[in-house]
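Below you'll find the structure, written out as structure tokens, and then a few comments.
Values quoted throughout were computed directly from the atomic coordinates according to the rules given, and no laboratory measurement underlies them. Please read all numbers here as calculations on a predicted model, not as lab measurements. Cβ sites come from the backbone with ideal geometry, for glycine too, and all protein chains shown count toward neighbours.
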Amino acid sequence: MSIELTPGRNVLGGPLRACSYAPLTGYFRDGCCRTRPEDDGRHVVCARVTQEFLSFSLSRGNDLITPRPEWRFAGLRPGDRWCLCAARWLEAWRAGVAPPVVLEATHEAALETIPLELLQSFAVGAPSEDTPD
């Protein structure tokens, strides 16, 4: 049985770059916002999370703050990069709390849910160009 992955292209049409290795993110926990058909949430938006977004996500029932050692999840802090579900990012945008996006590390599948122009208006530098302190 083979695992079929969606090709690794970003929203700009180039190769998909890694989003984060620390914390380790992605549907496959390989650092990239890659996807496949079984990924119902479409974890394809590489975002630099903010406190406002983390609080919003918690209020929607998705606690990204609390460490969960049993899942090898240390919890997120503002400034961390994380592969978000496209629909959740769009929901956060509608609520006025969408976090910045790393376009080079955001999978092209995000464009099925979010217009490129909207993602571009929230763009920050690629991971190697925008390293948190």
Roughly what would the spin-label model give for ARG29 and GLU52, points 7 Å off Cα along C-beta, in nm?
3.2 nm
With labels modelled as points extended 7 Å from the Cα through the Cβ direction, what inter-label distance (nm, one decimal) is found for ALA74 paired with ASP40?
3.0 nm
Among ALA95, ALA87, ALA105, whose mean-square fluctuation peaks in a Gaussian network model of the chain (Cα, cutoff 10 Å)?
ALA95
What helix-only [θ] at 222 nm does the chain give? Using -39500 (n - 2.57) per DSSP H run of at least 4, over all residues, to the nearest 500, the answer is -4500 deg cm²/dmol
Got a sec to turn the phi values of the range 37-52 into Karplus ³J(HN,Hα) couplings, 6.51 cos²θ - 1.76 cosθ + 1.60 with θ = phi - 60°, whole Hz, x for Gly and Pro?
x, 6, 7, 4, x, 6, 6, 10, 9, 7, 10, 9, 5, 10, 4, 4
Assuming a ≥ b ≥ c are the square roots of the Cα gyration tensor eigenvalues, decide whether the chain counts as rounded (a/c under 1.5), prolate (otherwise, with a/b larger than b/c) or oblate.
rounded
